[in-house]
Amino acid sequence: MITPPLWLVAELTYTCPLHCVFCSNPVDFAAQGPELSTADWIRVLREARALGAVQLGLTGGEPLSRKDLEELVSEAHGLGYYINLITSGAGLSEKRIKALKYAGLDHIQLSFQDSTRQMNDFLSSTRTFDLKRRAAALIKEHGFPMVMNCVVHRMNLDHVGLIIDLAADIGAEFLELANTQYYGWALLNRDQLMPDKEQLVRAEAIVAERRKSLGSRLRILFVVPDYFEGRPKRCMNGWGSTILCVNPAGTALPCQAAKMLPGMDFPSVRDASVREIWYDSAGFNRFRGEDWMPQPCRSCPERTIDLGGCRCQAYQLTGDVGATDPVCDKSPDHGIVLAAVAAAAQKPLLFRTPGNSRALIDAGPPATRGSAQ
C-alpha cells in the first residue's frame, strides 16, 4: 500500500554563495535548467499539502537567495505546513527575519562548517563565520527554535568538542553532527574527507560525555557515516514512502540525489501533478516494496529494516542501481567500501563552484567519478 508523503523537501535553488567541499548538490548543478517560478512552487505546495504532506523543508543551495521566499512561506503557512528553513545564514538580515516571522516560518536550521573562523571559512571557501554568528543571534532574538548543523569529516572531526561548545554558546536547542555522506561534491572529495576509525571512536566518546554534561540544554544527534557500519541506513526512510523532493528545475525525486540514477523516469512538476507523480510514476514505484531486491537482500531477515540500503550509493559504488548497497557486509561488493576507507588520503579539495561544475560536465558522466573502482 502506498501511503501519502509526510515531508515535502523543496530545493528552491542551487544558487549559493558558499562553495562547500562536501555539498550534496549534484556536480552538474550549473546545467540543471531554469528554476521553478513562484506560481509553480505555490502550485506544488498546494498539491503536496492536499496529498497529505505536513512538513516542509525549504533548502537549496541557499534558499534565502530566492526573493520570493517570504511569499512561499506565507502560502505554506496558510496551507498548514510546519515550515523549516535550512540555511547557511547568508542573506539573513534583520529585515528578512522579521518578514519570515510574519509570514509564518516555524523553524530554522543554521549550518556551520567548523568551530573557528579559520576552518569554517576555509571549508566553505568564503568569509562567512562572523556572518553565521550574526545570523544565530538574529534567530534567537526573534524567538525561532534553532538547529545547528555541522557536517563532520576528516578535517574537522577532531574539533567536535569545540563544535559542541559553539552550538551551546549560540543557544542552539539541537545540534546535528552529520558525518559526511558521499554524494555530489562530497563523493568527488571522498578520499580527502574520509575519517579514520580512531577519529570516529574519539568523537563518539566526546559526544557521549557532552550529552551527559549538557543534558536537555543541547540535544546532540551524531550520525555515523555509512562506510563505517556493517549495515546500510534505510534510504530516506524508504524509497517513495515518506519524503517527496522537488529540485529547483521541477524534477520530483524520492531523494535529493536520485536524479543521477540512469534509466529512471522522474517526471517534472511542470508536466504532471504531485498526485500522479507520487502514486503512478515509474521512478517512484521502481524501488518500493521488496520485489526489486536481489540476493542477498531478498532472503535476508533484515530486509524490512534497511530496505536494501541507498540506491544512489549502490549505483555510485557498483554502477548498478539495483545492487545491494555495498555498505552492507553481506553484499558481494562490500570490498569496495573497505577499499575506499583504506584509500583515504590527503589530496587537493575540489570546491563547489559554477566553474568547477561546468568543467565536470564537460569531463563526462559523474556516476563513478571519485569511487573506489
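When the solvent-accessible area of the chain is split by element, carbon and sulfur atoms take up 54 percent of it, the probe being 1.4 Å.
Please list, by residue number, everything in region 127-157 whose backbone N is under 18 Å from a paramagnetic label point 7 Å out along Cα→Cβ of residue 191. Residues 154-155 fall inside that zone. Ordering 359, 220, 5 by the projection of their Cα atoms onto the charge dipole of the chain, which places +1 on the Cβ of Lys and Arg and -1 on the Cβ of Asp and Glu, puts 220 at the extreme positive end. Residues considered: 186, 258, 208. Largest GNM mean-square fluctuation over the chain, using C-alpha springs under 10 Å, is found at 208. Straight Cα distances below 28 angstrom link residue 140 to the lysines 67, 95, 98, 101, 132, 212, with same-chain residues fewer than 8 positions distant left out. Between 48, 178, 76, the residue with the greatest mean-square fluctuation in the GNM of the chain (Cα pairs under 10 Å linked by springs) is 178.
Before anything else, pin down the relative contact order of the chain: Cα pairs under 8 Å, at least 6 apart, normalised by residue count, whole percent. Walk me through the intermediate numbers first.
Working: 722 pairs, mean separation 75.6, N = 373.
The value is 20 percent.
Computed from point charges on the beta carbon alone (+1 for Lys and Arg, -1 for Asp and Glu), the dipole magnitude for the chain about its Cα centre is near 520 Debye.
Which part of region 47-74 falls in the paramagnetic zone of residue 2, meaning amide N under 19 Å from the point 7 Å along Cα-to-beta-carbon? Within reach of a label on residue 2, which here means backbone N under 19 Å from a point 7 Å along Cα→Cβ, region 47-74 contributes 47-54. For residue 290 and residue 130, FRET efficiency with R0 = 56 Å and r from the beta-carbon atoms, rounded to 0.05? Here the calculated transfer efficiency is 0.65. Taking a sphere under 12 Å around the Cβ of residue 173 and counting the other residues whose Cβ falls inside, with K and R at +1 and D and E at -1, yields a net charge of +2. With K and R counted +1 and D and E -1, the other residues having a Cβ less than 13 Å from that of residue 252 yield a net charge of -3.
Taking each DSSP H run with n ≥ 4 as -39500 (n - 2.57) and averaging over every residue of the chain yields -10500 deg cm²/dmol at 222 nm. Would you mind classifying region 99-211 by shape? Square roots of the alpha carbon gyration tensor eigenvalues, ordered a ≥ b ≥ c; an a/c under 1.5 is rounded, otherwise it is prolate if a/b is larger than b/c and oblate if not. It comes out prolate by the Cα gyration axes.
The label point for residue 31 and the one for residue 212, both projected 7 Å from the Cα toward the Cβ, are 5.4 nm apart. Stretching the chain fully between residue 342 and residue 99 yields a gain of 82.6 nm (0.36 nm per residue, less the alpha carbon separation). The residues of the chain expose, per residue, 41 Å² of accessible area to a 1.4 Å probe. If only the Cβ of Lys and Arg carry +1 and only the Cβ of Asp and Glu carry -1, the dipole of region 205-309 around its Cα centre is close to 600 debye. Comparing 142, 295, 332 along the charge dipole axis of the chain, the residue lying farthest to the positive side is 142, per the Cβ-charge model. Accessible area per residue was computed with a 1.4 Å probe on protein heavy atoms; residue 16 scores about 30 Å².
Fully extending the segment from residue 201 to residue 223 would add 6.6 nm, taking 0.36 nm per residue of separation and subtracting the current Cα-Cα distance. Extension gain, residue 71-residue 174: 0.36 nm per intervening residue step, less the Cα-Cα distance, totals 34.3 nm. Each 20 Å bin from zero holds the following percent of Cα-Cα pairs in the chain: 28, 62, 10.
Model label sites at residue 359 and residue 162, defined 7 Å from Cα along the beta-carbon direction, differ in position by 2.9 nm.
The residue 279 and residue 231 beta-carbon pair, evaluated with R₀ = 30 Å, returns a calculated FRET efficiency of approximately 0.50.
If you take the Cα centroid of region 294-354 and the Cα centroid of region 14-37, the two points sit 24 Å apart.
Springs between Cα atoms under 10 Å define the GNM used for the chain, and in it the highest mean-square fluctuation of 132, 98, 197 occurs at 197.
The values are calculated or read from the model by the stated rules, or taken from the named source; none is laboratory data. As the structure is a computational prediction, the values presented were derived from the model and not from experiment. No Cβ is skipped: glycine too gets one built from the backbone with ideal geometry, and neighbour counts run over all protein chains shown. Ligands, DNA and RNA are stripped out before the accessible areas are found, and what is left, the full protein with its side chains, is counted by its heavy atoms. Shrake-Rupley method; radii C 1.70, N 1.55, O 1.52, S 1.80 Å.
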